[in-house]
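Everything below concerns the one structure shown next.
Throughout, read-outs are computed from the coordinates displayed, never taken from laboratory work. These numbers come from a predicted model, not from an experiment. Virtual Cβ from ideal backbone geometry, glycine too; neighbours counted across all protein chains shown.
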Amino acid sequence: MYSIKRCEDIDIEQFTFKLPKKLNNKYISSVLLDNKTSFIQLKNVRTLSGFYDDNGKYKIDVILDDENYYNFFMNLEMLCINRVHQHYQKWFGIDSNSDTLDSSFVSFLKLKGMDTILTLPIELDDDELECEVYNSNKQRVSCNSVKENDIISLIIRFNGIQFSRTKFATFWSISQIKINEKKEEKEEEEKKQENIGLGKLEKNIYHFIESSSDNESSDDDDVDYLQEHEYIVENLIENYKTKELFNNID
C-alpha cells in the first residue's frame, strides 16, 4: 500500500522508522506514513541542472525557494538524525556518542549563493533511469527532455534512512517528473491565439474532403496502401519500445 501526499500536507512526526535491514551492502531503515509507503509531491520547483552524471550516478538539483519545502526537508533531516540518536544502540547493538553520529550524517541540502539546493538521486535499473517524465500535456516524454532551469513538479519516494560503513543519510527515489509550461511561453502562446482572430484556411493548399466514390481505386493502389500500412505499424512498434524511447539518457 502507498499514499501520495503534497509535501505541505505531511506531518513528519507521523513517519515511523523500522529496524534496519541489509540491502546491497547498506543497511536501510525503511519508513512508513500511516502504515503506507510514502510518496511526496513537490510542485513548481526549478531545476538548476536537469539530469547529470556524478561518478556514474545520475542526480538532479532543485531549488527550494518555497518556505514550506525548505522547512520540510530541513526538519525531516533533523528528524532522521534524532531517530538515529534514539535507536542506534537498539538497531546495531553499538554505543555511539552524539558528536560521532552528527558528523556521520550526509545531507542532501546545500547552499549555492542565496539558494538552498536539494540534490535527489535517480535510480538505475540495467543502466536505464527508473523515473518517468511527462510534459505539461500529460504525455510521456524522454528523460532527456528535462533541461537546466526547467520548472518541474516531482513525485518522490521517501525510502527511509540508509547506513553505510561510516555514514548515514536520508534515502530518496524519484518516481515521476512533470515538466511544467513556463509562464512566459504560455503568455506568448495566448498572445498568438489572440492575434489569430477568426482564422482562415491556408492558401495554395487543397482543403476539400473527397469521398471514396469520387475516385475509383485500383488494385495496385490497394497493394501500395497495405504495404505502406504494414510499414507504419512496424515503425510504431519499433518507436514505442518504452524503455529505449523514454528511459535512456545521453
* To do: Using the structure shown, list the pairs from Lys5/Lys110; Lys147/Lys182; Lys43/Lys182 with a Cα-Cα distance above 18 Å, or answer none.
  => Lys5/Lys110
* Asked: Where in the stretch 137-176 are there chymotrypsin sites (Phe, Trp or Tyr not before Pro) that are in a DSSP coil and have at most 15 other Cβ atoms within 10 angstrom of their Cβ?
  -> none
